[in-house]
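What follows is calculated from the coordinates using simple rules that are stated; it is not laboratory data. Since the model is a prediction, treat every value here as computed from it, not as a measurement. Every residue, glycine among them, receives a Cβ derived from its backbone with ideal geometry; neighbour counts consider all protein chains shown.
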Amino acid sequence: MIESGEAHISDQVPVTEIDRIESSDSLNLFRTEGLAVEYVGFNTTKAPFDNVKVRQAVSYAIEREAIIDGVYNNVGTLANVAMSPKVFGYSKDVEAYPYDVNKAKALLKEAGFDNGMKINLLTSDRKERINMAEVIQSQLKGIGVDVEIQVMEYGSYIEQVNSGEHQMFIGGWGNATGDGDYNQYNLFHSASVGSPGNHFYYQNPAVDKLIEQGRVETDPKQREEIYKQAMQVEMDEAVYIPIRNYEHLAIYNNNVDNFYLDASNYLLLNEVTVK
């Protein structure tokens, strides 16, 4: 529809179409860094992921760079925490688990799973998420973990993670404020377990205290340090695997001028002109 002129703008851009768009004489691609992050999450109350060593093992076994390249065609950047670099409170100093199959196997053995295990990976029915699930399924096979992929329509997916019946899931979190509290409180505070956003069912009094301190601290430097400490604990306990910092895409034809997306993925149309 964009090519034919029937429509002017769309923000539904398959990552597989980028090369075709960029080589077209009639189509234009707008790209901008976003505030959202994509991750693989563990239900920390459900076996076997109630064992931190199992969560760490799986974290070591997933080659995140291969997902950015192979699934997302290098749209977005490799995440290190569940907070975008564009959000206040982000820290580059918290390091995600590197790809290390031997370490993953050793941790599984320590956790008592010498003979491997079967787990369920839940995802919504977005094409890229399904592709990511298939890559993860292949990668975890290398450490003896048999992954069954469960694909659900988005509404059913949300019901499932809200109910806490899942084991492992592919999720994402945006940010409506640009502030780290929006990520930390909604994703990791014990008051947010379930439908508010803590689909990890993670509860840690020390992390709760840090998040609450971050809400009332007025010194920006102190707040950044507080969030860094909280994110380090969450990473040490392998609550999730950060995958991708979002990059938002939109496509428009040559008749459109002065169109752009902001970091929240809102279409900014107030200065648009159409030839």
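Below, the figures for the structure above:
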quantity	calculated
Within the stretch 98-134, considering residues that are surrounded by fewer than 17 Cβ atoms within 10 Å (Cβ to Cβ) and of a type in the set (A, V, I, L, M, F, W, C), the one nearest to VAL75 (Cα to Cα)	ILE130
Hey, ASP93 part of a loop (DSSP other than H, G, I, E, B) and surrounded by fewer than 17 Cβ atoms within 10 Å (Cβ to Cβ) or not	yes
Of residues in the stretch 19-29 being touching a strand residue (DSSP E or B) at 6+ places or on another chain (Cβ under 7 Å) and touching a residue at least 12 places away in the same chain (Cβ under 8 Å), the one surrounded by the fewest Cβ atoms within 10 Å (Cβ to Cβ)	SER26
Failed condition for GLY178, given (1) touching a residue at least 60 places away in the same chain (Cβ under 8 Å); (2) on the phi > 0 side of the Ramachandran plot; (3) surrounded by 16 or more Cβ atoms within 10 Å (Cβ to Cβ)	(3)
Helices (runs of 4 or more DSSP H) contained entirely in the stretch 167-275, each with at least 1 residues that are among the basic types (Lys, Arg) and over 18 Å from ASP93 (Cβ atoms)	205-216
Enumeration of residues in the stretch 72-89 that are assigned to a loop (DSSP other than H, G, I, E, B) and among the aromatic types (Phe, Trp, Tyr)	TYR72
Residue ID - farthest from SER163 (Cα to Cα), chosen from residues in the stretch 184-227 that are touching an Asp or Glu at 6+ places or on another chain (Cβ under 8 Å) and among the basic types (Lys, Arg)	ARG223
